Amino acid sequence: MTPREFLDFLGAAGKLKTAYRHNFTEEGRRESVAEHSWRLALMAMTLREDFPEVDIDRVVKMCVIHDLGEAVTGDIPCFLKTEADEEVEKRAAEGLFEKLGEGAREEFSGLYSEMERLETEEAKLYKALDCLEAVISHNEADISTWEPHEYELQFSHGTDKVAWSGWLRELKAEIDKDTRRKIAEADKADNLII
């Protein structure tokens, strides 16, 4: 890859910094896809001891590249995303991979295919964390940013993705406790206002 090709790729991928997600930050602004990917990678990095049988470095790579297509397509919330949207995002990611040198292109494409199939423990861990990071972010945001259907979605999102791991099921249960507490506090505040 030439330095120009490298810079072109970085410029395209850098659009994730200004591609905003449905989620809000604790401060009340929309979260960028890049911020989500960064924390997702951090989550994976911290779990090396809890998942010794999993290649965590591979999971971190998945976390970093999983939403690259959104640098082109923008983010579509999971509850609105269709199979057609996923195909467009996949093609966008593949287009970005084409900007890379052969070795990186093959690695990124291979990781992306592995993530789609969800057959390896690495892919399963990445996908579970991807779902859970979104739920954690919602819990951190002001509840006024939630849409009505998200109250139920907070509990159901990712449940199927954590089923394979006792540790992940425990994490989801803790996140659900935080969600219940957040909803109860909001209900209490609403009752005080009335």
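Here are the numbers:
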| quantity | calculated |
| --- | --- |
| K99 being assigned to a loop (DSSP other than H, G, I, E, B), out of contact with any strand residue (DSSP E or B) (no Cβ under 7 Å at 6 or more places or on another chain) and of a type outside the set (A, V, I, L, M, F, W, C) | yes |
| Qualifying residue in the range 17-30 (condition: under 30 Å from H149 (Cβ atoms), in contact with a Phe, Trp or Tyr (Cβ under 8 Å, 6 or more places away or on another chain) and at pLDDT 90 or above) | yes |
| Which listed residue is touching an Asp or Glu at 6+ places or on another chain (Cβ under 6 Å) and either closer than 22 Å to T18 by Cα or in contact (Cβ under 8 Å) with a residue 12 or more places away in the chain (or both), from I65, I56, I76 | I76 |
| Test set (1) of a type outside the set (F, W, Y); (2) more than 30 Å from I143 (Cβ to Cβ); (3) crowded, with 17+ Cβ neighbours inside 10 Å - L40 fails condition number | (2) |
| Contacts under 7 angstrom Cβ, first residue in the range 167-190 being without any contact (Cβ under 8 Å) to a residue 12 or more places away in the chain, partner assigned to a helix (DSSP H, G or I), 6 or more apart | R169/V162 |
| Flag for R48 being modelled with pLDDT of 95 or more and either more than 19 Å from S113 (Cα to Cα) or of a type outside the set (D, E) (or both) | yes |
| Of all residues making up the range 65-99, the number that are hydroxyl-bearing (S, T, Y) and out of contact with any helix residue (DSSP H, G or I) (no Cβ under 7 Å at 6 or more places or on another chain) | 1 |
| Residue check for Y112: under 28 Å from I183 (Cα atoms) and of a type outside the set (K, R) | no |
| Residue list for the range 1-28, restricted to those being touching a residue at least 24 places away in the same chain (Cβ under 8 Å), surrounded by 12 or more Cβ atoms within 10 Å (Cβ to Cβ) and not small (G, A, S) | M1, E5, D8, F9, K15, L16, Y20, R21, H22, N23, F24, T25 |
| Candidate set: the range 67-117, residues that are surrounded by fewer than 15 Cβ atoms within 10 Å (Cβ to Cβ) and of a type in the set (S, T, Y); chosen: the one farthest from P3 (Cα to Cα) | T82 |
| Selection count where residues are in contact with a Phe, Trp or Tyr (Cβ under 8 Å, 6 or more places away or on another chain) and surrounded by fewer than 16 Cβ atoms within 10 Å (Cβ to Cβ), scope the range 43-66 | 1 |
| Cβ pairs under 7 Å, 6+ apart, first in the range 149-161 and of a type in the set (A, V, I, L, M, F, W, C), second part of a helix (DSSP H, G or I) and at pLDDT 95 or above | F155/D176; F155/T179 |
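Here is a yes/no grid of residues against (1) surrounded by 15 or more Cβ atoms within 10 Å (Cβ to Cβ); (2) closer than 23 Å to M115 by Cα; (3) at pLDDT below 95; (4) among the aromatic types (F, W, Y):
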{"site": "V135", "(1), (2), (3), (4)": "yes, yes, no, no"}
{"site": "V162", "(1), (2), (3), (4)": "yes, yes, no, no"}
{"site": "W167", "(1), (2), (3), (4)": "no, yes, no, yes"}
{"site": "A184", "(1), (2), (3), (4)": "no, no, yes, no"}
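The values are calculated or read from the model by the stated rules, or taken from the named source; none is laboratory data. What you are looking at is a predicted structure, and each value in this text was computed from that prediction instead of being measured. Every residue, glycine among them, receives a Cβ derived from its backbone with ideal geometry; neighbour counts consider all protein chains shown.
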